[in-house]
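As structure tokens, the structure follows; a few thoughts come after it.
Where a number appears in this text, it was derived from the coordinates with a stated rule and is not lab data. What you see is a predicted model, and the numbers here were worked out from it, not measured in a lab. As a convention, Cβ positions derive from the backbone with ideal geometry for all residues, glycine included, and neighbour counts pool all protein chains shown.
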Amino acid sequence: MTEVRVPTLGESVSEATVATWFKKPGDTVAVDEMLCELETDKVTVEVPSPVAGTLTEIVANEGDTVGVDALLAQVSEGAGAAAAPAAAAAPAAAATEAPADAGASVDIMVPTLGESVTEATVSTWYKKVGESVAQDEMLCELETDKVSVEVPAPASGVITEILADEGATVEAGGKLGVMSSGSGAAAAAPATAPAPAAASSGDVKNAPSAEKMMAEKGISASAVTGTGRDGRIMKEDVQKALAAGNTAAAAPAPAAIPRAPVPADDAAREERVKMTKLRQTIAKRLKDSQNTAAMLTTYNEVDMTETMALRKEYKDLFEKKHGVRLGFMSFFTKACCHALKEVPEVNAEIDGTDIVYKNFVHMGIAAGTPQGLVVPVIRDADAMSFAEIEKAIAEKGKRARDGKLSMAEMQGGTFTISNGGVYGSLMSSPILNPPQSGILGMHKIQDRPMAINGQVVIRPMMYLALSYDHRIVDGKGAVTFLVRVKEALEDPRRLLMDL
């Protein structure tokens, strides 16, 4: 017997409400098939089956409040856990029945996508109908607004049907395709899809969090279109209804600028590509940041002579001892951690009418990838050594480029560094990564003539930009922060002496 327990619900979330059970006792379930859905005050969490077998008992019913790791249900494991449905055919049919594991139909399901992620886009199928696959061989890749998710084959066999083509949007727990497992897989015919369950004749019970939000906002259930099972109203449905209502009540948004007429010759040479979910999310978050925060940017410049000399002197010894190259990011990370101690409001965030000061630094390092901009987070960077920071940056950067970052690795940052200099940027104003109150923009190191002690000398200079939320950070604090970063980089010994 395998226990099904409440998964981790996210930062500072300790309990959830059982919103919907998609299976009932006696139902057969596959590995990772969605059993139920939990709702917290922040996100909706799907609970997949840890094993293949039969759902034998439901411990927490719909509407119950459960804590992290609480027992939800029990599943009897094994292929023979569920009795086959009784056949109405003649007994002779049993004699011709094939073994249970020969050519068995196996569903290819959308895996768990992460906290608050309910849908994905099928970006690439690596296999097509009729092809043989090995267990755990990658079948397709899904793209969410956060990360790319690989879907492995649940068993060895042959792809018999693809239900979601490239470009299709699929929900978490949805079906992507069907395959036949076992040695007789190639000859197996695709199973007929079951008919959708009929809607309940009684009143549909809406999600508890949806009921609560409708009561708080004074919205009638008749004004909300439910997208849950049997038309039940989910929290996201209420949020969509509110957004639609707010849009109608608010001043009309400026209309998008229509495209000018395109000559036929030019139109034939154009290529129209749908924005990826990641790109859509980047666009939305950046615009939301501009609309919400009172964003302002202050600039300074730093003479990189001493930092470059120190790096050049010790980089070979550093790499030999620690097995990782010594870059500039560890210097900037250390300098920012040092400055954040003196100006803590840059490392804080606004929560309603409260200011939340963070007595730690979870450093976000913005990274450009073929899929778009992502910001992996290095936790407790203020407690790390140069070597630990460089190893963490290298590892997170590789995972970002490969599309392997998890949701947890991109959450919880308190401050961000963005290095546009690697692309040749000389000056820019970075946009805040909400709910953070500060982001440092690094730029290209360029030799420039500087007046030093009455003499004109050539020095490697870099412009620095600090964008900050003026609602919480005053101009004095922002300038002080940037000056402390400048001082630490122009004299790296200050970092060792905590000056």
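Results, tabulated for the structure shown:
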item: Calculated FRET efficiency for the pair residue 350/residue 3, C-beta based, R₀ 45 Å, to 0.05; result: 0.65
item: 3J(HN,Hα) from dihedral phi, the range 422-435, Karplus parametrisation 6.51/-1.76/1.60, rounded to Hz, x for glycine, proline; result: 5, 9, x, 5, 8, 7, 7, 10, x, 9, 4, 9, x, x
item: Cut-off 12 Å between beta-carbons: net charge of the residues surrounding residue 300, Lys and Arg +1, Asp and Glu -1; result: -2
item: Spin-label model distance (nm) - residue 286 vs residue 457, 7 Å beyond Cα toward Cβ; result: 3.9 nm
item: Whole-number Å³ per residue for the convex hull built on Cα positions in the range 1-79; result: 70 Å³
item: Packing rank of 64-73, 310-319, 261-270, where each peptide gets the mean count of other beta carbons within 10 Å, highest leading; result: 64-73, 310-319, 261-270
item: For residue 32, residues with placed amide H under 5 Å, excluding near neighbours; result: 49, 51
item: Residues with amide H under 5 Å from that of residue 72, placed H, sequence gap 5 or more; result: 4, 5, 6
item: Rounded FRET efficiency, nearest 0.05, which uses the C-beta distance separating residue 314 from residue 398 and R0 of 35 Å; result: 0.90
item: Rounded, prolate or oblate (a/c below 1.5 giving rounded, otherwise prolate when a/b exceeds b/c) for the range 316-448 by Cα gyration tensor; result: rounded
item: Cut-off under 5 Å, modelled amide H: who pairs with residue 140 long-range; result: 126, 151
item: Charge context of residue 136, other residues only, Cβ under 14 angstrom, K/R +1, D/E -1; result: -2
item: Residue-wise HN-Hα coupling along the range 239-244, computed from phi with Karplus coefficients 6.51, -1.76, 1.60 (Hz; x: Gly, Pro); result: 4, 5, 5, 5, 4, 5
item: From phi via Karplus (6.51, -1.76, 1.60), per-residue ³J(HN,Hα) for the range 354-371 in Hz, x at Gly/Pro; result: 10, 9, 9, 8, 9, 8, 7, 10, 9, 8, x, 10, 5, 9, x, 10, x, 8
item: Of all DSSP beta bridges in the range 279-497, antiparallel share, percent nearest 5; result: 80 percent
item: Fully extended contour minus Cα-Cα distance, from residue 138 to residue 387, at 0.36 nm per residue; result: 86.2 nm
item: Sites residue 425 and residue 175 - FRET efficiency at Förster radius 51 Å, r taken between beta-carbons, to 0.05; result: 0.70
